[in-house]
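The structure appears right after this line, and notes come after that.
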Amino acid sequence: MLNKIVIMGRLTRDPELRRTQSGTAVTSFSIACDRDFKSQSGEKETDFIDVVAWRGTAEFVSKYFSKGRMAVVEGRLQIRDWTDRDGGKRRSAEVVADNVYFGDSKRDSGGEYGGSSYGAPSAGGAAYGAPAERAPASGFGGGSDFAEIGEEDGELPF
């Protein structure tokens, strides 16, 4: 079975970082995603999608994202059944984030994460999707899997 979702939109509020009783980090936030089409009245409609992130992803989001920032969220859709205060049965859908990427560049010209866009790592491995172990700390080429090709090698290897 496949349950994969990718959404891009702006955070509608600052992420709330909390911890479970066992100390696991969890954050929740909401993303506003414009629809690709206009309604019959000619207006663009927007969906507000709830997102939950755990552990390293939660800490990453709460540290570097705030209301209004563009985010790309990759994860899975989860449906939860719950009971409200009046005893009524309720159902809600939310995205459980596996990775969260920057969807825009940082508005302030300074900062470590200034040049990142759409989750592409900048020189410092800046816009990786948390958890941190998914991206090398030194950016692209951090491992020894790639060999440098010099000009003296002549032809390209492909």
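In terms of other Cβ atoms within 10 Å, D34, D84, D50, D98 run from fewest to most in the order D84, D34, D50, D98. For D104, the residues whose modelled amide H falls within less than 5 Å of its own, excluding neighbours fewer than 5 places apart on the same chain, are M70, Y118.
Fewest neighbouring Cβ atoms within 10 Å first, the residues D14, D47, D36 line up as D36, D47, D14. Sequentially through the range 70-76, phi angles give Karplus couplings (6.51, -1.76, 1.60; θ = phi - 60°) of 7, 9, 10, 10, 10, x, 9 Hz, Gly and Pro residues having no value and appearing as x.
Read the figures in this text as sums done on the coordinates, not as results from a lab. Since the model is a prediction, treat every value here as computed from it, not as a measurement. When we count neighbours, we look across all protein chains shown, and the Cβ atoms used for this are built from the backbone with ideal geometry, even at glycine.
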